[in-house]
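The values are calculated or read from the model by the stated rules, or taken from the named source; none is laboratory data. All of these numbers come straight from a predicted model, not from anything done at the bench. Every residue, glycine as well, gets a Cβ built from its backbone with ideal geometry; the counts of neighbours run over all protein chains shown. These accessible areas exclude ligands, DNA and RNA; they are computed on the full protein's heavy atoms, side chains included. Shrake-Rupley method; radii C 1.70, N 1.55, O 1.52, S 1.80 Å.
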Amino acid sequence: MPVALALTSCTADDPLAAQAAAGDGKNYIAGDGSVTEYAPSERGDPVEVSGTLFDGTAVSSADWDDEVTVLNFWYAACAPCRAEAPDLVALHDEYEPQGARFYGVNIRDEQATAEAFERNFGIPYASFDDKDGGVLLGMTQYVPPQAVPTTLVLDREQRVSARILGLADRSTLNALISDALAE
């Protein structure tokens, strides 16, 4: 005797699911702009990130000891990614001399497209070529796969100290980076 299963989901109040179902053709699902900060006592284990930059350099979070790291998940056709790019450049320029490391994690583009975006916006930091999803997959506890942009701030132990889902407001990200450096 065949058995029929009824499948339900909990998407009624899920804004990301609503955006996905909207079918408005914008080709991205924006985060809701929420900011999550994690107290040092509530942070989990250090994240493990490894991948290849567009220039072919292999990079691993194991090399980031005692450095605050900012990871920005993006792709070129993402409107909020384009909007936040100048602020990320400014924050990089301000905080890199203080010991903050920045990386982009490009989840969709071919190298030429990513490099054109980086030239257009004057992005001074390197990006992971993550079309295969390796970095994103390793970070799904913090980065919903379709919520781009998402920005993470990692503390000096490479634990996630803060997350912004959606467009990173400059003043908010500034405070999150400053707090991580001050710890």
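Okay, here's what the table says:
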quantity: Dipole of segment 31-183 [Lys/Arg +1, Asp/Glu -1 at C-beta], most positive-end residue of Leu71, Pro124, Thr150; calculated: Thr150
quantity: Distance histogram in 10 Å bins (all Cα pairs of segment 90-145, percent per bin); calculated: 22, 43, 34, 1
quantity: Ordering of 39-48, 90-99, 76-85 by packing [mean C-beta count within 10 Å, highest first]; calculated: 76-85, 90-99, 39-48
quantity: Portion, in percent, of the accessible area of segment 39-183 that falls on carbon or sulfur, probe 1.4 Å; calculated: 46 percent
